[in-house]
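Trainee: Take this structure, written in structure tokens, and hold onto it; I'll ask about it next.
No value in this document is a laboratory result; all are computed from the given coordinates. What you see is a predicted model, and the numbers here were worked out from it, not measured in a lab. Cβ sites come from the backbone with ideal geometry, for glycine too, and all protein chains shown count toward neighbours.
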Amino acid sequence: MDKIPFWEETYRNRDINTFPAEPNGTILEFEHLLRKDSVILEAGCGEGQNVRYLAKNGYSDIDAFDLSEAGISKLHWICEREGLHINAFTDDLAKFQFTKSYDLVMTFATLCFVEKDKWKHFIEDAKEHTKPNGIHIIHTFTNTVPASPDIAPFAVGLADEGEIKDLYSDWEVLQFKTYVFDDEHPGVPKHQHAVNKLVVRKTGIYREAGYARNQKESLCRFLEDGSIPAHNNRAENAIRPFVIGRKNWLFSQTAKGASASADMYSLVETAKANGLGVFDYLCWLFRQITAANHIYTDEFLESLMPWSEKAQENC
Ligand SMILES: C[S@@+](CC[C@H](N)C(=O)[O-])C[C@H]1O[C@@H](n2cnc3c(N)ncnc32)[C@H](O)[C@@H]1O
């Protein structure tokens with residue numbers, strides 16, 4: 001029989017706790033950032049000591065999942081006995097599909113049991129499905145010390161030191177700690193884990209900074225060519241009439257119609273920016289398009305652009 005992780009046995013035993021019954025200390029430390037109506041997700045909740053603590057304290061919108069059916073079944077059993085409302089279900093972090101957005105996403109000592117590309121994908125998805133100012137609390141084991149014998153066969157995705165933090169370069173880091181601790185569970189001898197602990201917040205300004213960083217290459221092009229201005233004032237000025245006139249387009253009947261208006265507008269402003277008479281350009285353009293008889297090669301379309309030699313000669 002294939003080896004199974006140590007927690008499966010104790011998840012099946014309702015008389016003992018596999019992990020400490022108290023919630024993780026980081027939750028207590030950052031609970032002040034939550035509201036009672038915060039929407040909360042725990043991935044890899046096990047027996048659910050964290051979500052149970054939150055449910056007992058009046059948080060009413062909690063989802064929690066774990067791969068282990070025994071873990072989730074124990075959590076259901078405890079919730080029923082204690083009158084707690086938690087939406088707990090079995091699911092695989094490697095395949096998890098977000099269907100809503102959260103104020104808090106947390107995961108403790110779970111990512112390392114999922115292949116690295118999969119847990120990274122989960123984090124990316126979780127980031128997208130986090131509300132503005134929402135937080136993530138992540139404890140993950142790293143490869144700073146070798147995987148202890150109790151988890152070694154299953155720890156397929158140990159993080160490199162600091163790797164988890166790098167995934168949040170566009171969020172505000174509220175806390176990052178790295179440490180090694182001694183651990184012990186029922187039936188498992190003392191061992192060590194290396195941990196990265198991260199608490200991050202989805203803050204607007206960091207999102208903007210992330211955008212600037214992602215677009216760095218385009219934003220710095222003006223440094224390589226003196227004819228490129230360091231600002232985009234011309235583009236801003238070109239779209240100003242459109243922004244001012246925006247209310248007039250409130251009454252587009254369909255999204256496609258609004259999109260067509262925007263395309264037309266872009267064409268008109270680009271013609272102006274290239275020194276063409278707009279009326280002449282549009283007349284010429286429609287004549288060219290009609291004459292092409294539905295054969296629109298890339299080359300042909302390029303020749304119709306307001307900056308093309310042909311357009312410049314004819315309009
Ligand atoms: C070391 S235990 C930690 C449990 C809990 N997070 C805690 O801190 O007490 C790891 C947990 O991750 C769960 N797990 C492992 N692989 C998973 C996956 N692919 N999707 C969801 N949960 C997973 C296990 O079933 C187990 O409950």
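Trainee: Using 0.36 nm times the number of residues separating GLU124 and ASN233, minus their current alpha carbon distance, what extension gain do you get?
Mentor: Taking GLU124 through ASN233 to full extension adds about 35.9 nm, to one decimal.
Trainee: Could you tell me the relative contact order of the range 6-212? Use alpha-carbon pairs under 8 Å, at least six residues apart, and round to a whole percent.
Mentor: Rounded, it is 18 percent for the range 6-212.
Trainee: For every helix of n ≥ 4 consecutive DSSP H residues, a contribution of -39,500 (n - 2.57) applies; sum these over the chain, divide by its total residues, and give [θ] at 222 nm rounded to the nearest 500 deg cm²/dmol.
Mentor: Calculated from helices alone, the mean residue ellipticity at 222 nm is -11500 deg cm²/dmol.
Trainee: How would you classify the range 11-103 from its alpha-carbon gyration tensor, with a ≥ b ≥ c the square roots of the eigenvalues: rounded for a/c under 1.5, else prolate if a/b is greater than b/c, otherwise oblate?
Mentor: oblate
Trainee: Answer rounded, prolate or oblate for the range 231-314, using the Cα gyration tensor with square roots of eigenvalues a ≥ b ≥ c: rounded when a/c is under 1.5, else prolate when a/b is larger than b/c, else oblate.
Mentor: Verdict is oblate for the range 231-314.
Trainee: Around LYS36, under 14 Å between beta carbons, what's the net of Lys plus Arg minus Asp minus Glu among the other residues?
Mentor: -2
Trainee: Magnitude of the Cβ-charge dipole of the range 231-314, K/R +1 and D/E -1, about the Cα centre, nearest 20 debye?
Mentor: The calculated dipole for the range 231-314 is roughly 500 debye.
Trainee: Under a Cβ-Cβ cut-off of 14 Å, what is the net charge of the residues other than ALA258 that fall near it, where Lys and Arg count +1 and Asp and Glu count -1?
Mentor: Net charge in that neighbourhood comes out at +2.
Trainee: A further question on this structure: Using a simple spin-label model with points 7 Å from Cα along the Cα→Cβ vector, what separation in nm is obtained for TYR296 and ARG35?
Mentor: 4.7 nm
Trainee: Nearest 5 percent is fine: what portion of the DSSP beta bridges confined to the chain is antiparallel?
Mentor: 50 percent
Trainee: Right, next: How much FRET efficiency would the formula 1/(1 + (r/R0)^6) give for TRP77 and GLN97, where r is the Cβ-Cβ distance and R0 is 25 Å, rounded to 0.05?
Mentor: Result of the calculation: an efficiency of 0.40.
Trainee: For the Cα atoms of the chain, what angle does the longest principal axis make with the long axis of helix 204-214, in degrees from 0 to 90, nearest 10?
Mentor: 70 degrees
Trainee: Quick one: net charge around GLU82, please, counting Lys, Arg +1 and Asp, Glu -1 for every other residue with C-beta under 11 Å from its C-beta.
Mentor: Net charge in that neighbourhood comes out at +2.
Trainee: What's the extension gain from ARG246 to LYS216 if we count 0.36 nm per residue and subtract their Cα-Cα distance?
Mentor: So the extension gain works out to 7.8 nm.
Trainee: To the nearest 20 debye, what is the magnitude of the charge dipole of the chain about its Cα centre, counting +1 on the Cβ of each Lys and Arg and -1 on the Cβ of each Asp and Glu?
Mentor: So the magnitude is around 1100 debye.
Trainee: Where a ≥ b ≥ c are the square roots of the eigenvalues of the C-alpha gyration tensor, would you call the range 6-212 rounded, which needs a/c under 1.5, or, failing that, prolate if a/b is larger than b/c, or oblate?
Mentor: oblate
Trainee: Measuring from label point to label point, each 7 Å out along Cα→Cβ, what is the MET264 to GLU161 span in nm?
Mentor: For MET264 paired with GLU161, the spin-label model returns 6.2 nm.
Trainee: Efficiency by 1/(1 + (r/R0)^6): what FRET value for ASP117 and SER303, r their Cβ-Cβ distance, R0 = 30 Å, to the nearest 0.05?
Mentor: 0.10
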